[in-house]
Amino acid sequence: MDNKKLNITVSIDGIPLSLTVANAEEEKIYRDAASLSQARIQKLRAIYKDNVPNDKYYYVMAMLNTAVESVRISNRNDTSPFLEMMEDLEKEIDQHFKK
């Protein structure tokens, strides 16, 4: 396995960011994240136009939106693996008592 890291540069709002990533899969994640960030900044600029004191507000709002989304996702309870396990256990119990 090749453990060679990749040096990449992504750009958000004309600001180049040099990064080191572990592999091509991680590179894609960073590039997709940069594209998402750029799209959020552009959307916020379109919505708020001249209603903010400076460009930093767009960056901070985009960062806050991303953080809120992350918190919402982490707060979700995915109970499907638990429910599947319970179904399997119920089947085993039913089979045991049918004997």
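Among the residues of region 8-33, how many are under 16 Å from the mean Cα position of the chain (by Cα) and not aromatic (Phe, Trp, Tyr)?
8
Would you be able to tell me the number of residues in region 24-71 that are loosely packed, with under 11 Cβ neighbours inside 10 Å, under 30 Å from Lys4 (Cβ atoms) and either of a type in the set (Asp, Glu) or in contact with a helix residue (DSSP H, G or I) (Cβ under 6 Å, 6 or more places away or on another chain) (or both)?
1
Take region 39-67 and flag every residue that is in a helix (DSSP H, G or I), among the polar types (S, T, N, Q) and more than 14 Å from the chain's Cα centre (by Cα).
Gln42, the sole residue that qualifies.
For Tyr30, indicate whether it is closer than 22 Å to Ser11 by Cβ, in contact (Cβ under 8 Å) with a residue 24 or more places away in the chain and not aliphatic (A, V, I, L, M).
When the stated conditions are applied, Tyr30 does not pass them.
Do any residues in region 37-52 that are over 14 Å from Ser11 (Cα atoms) have Cβ atoms under 6 Å from those of residues that are of a type in the set (Phe, Trp, Tyr) and not in a loop (DSSP other than H, G, I, E, B), where the two are at least six apart or on different chains, and which pairs are they?
Correct list of pairs: Leu44/Tyr58; Arg45/Tyr58.
Here, each number is a calculation from the coordinates, and none is a lab measurement. Remember, predicted model here, so these are calculated numbers, not experimental data. Every residue, glycine as well, gets a Cβ built from its backbone with ideal geometry; the counts of neighbours run over all protein chains shown.
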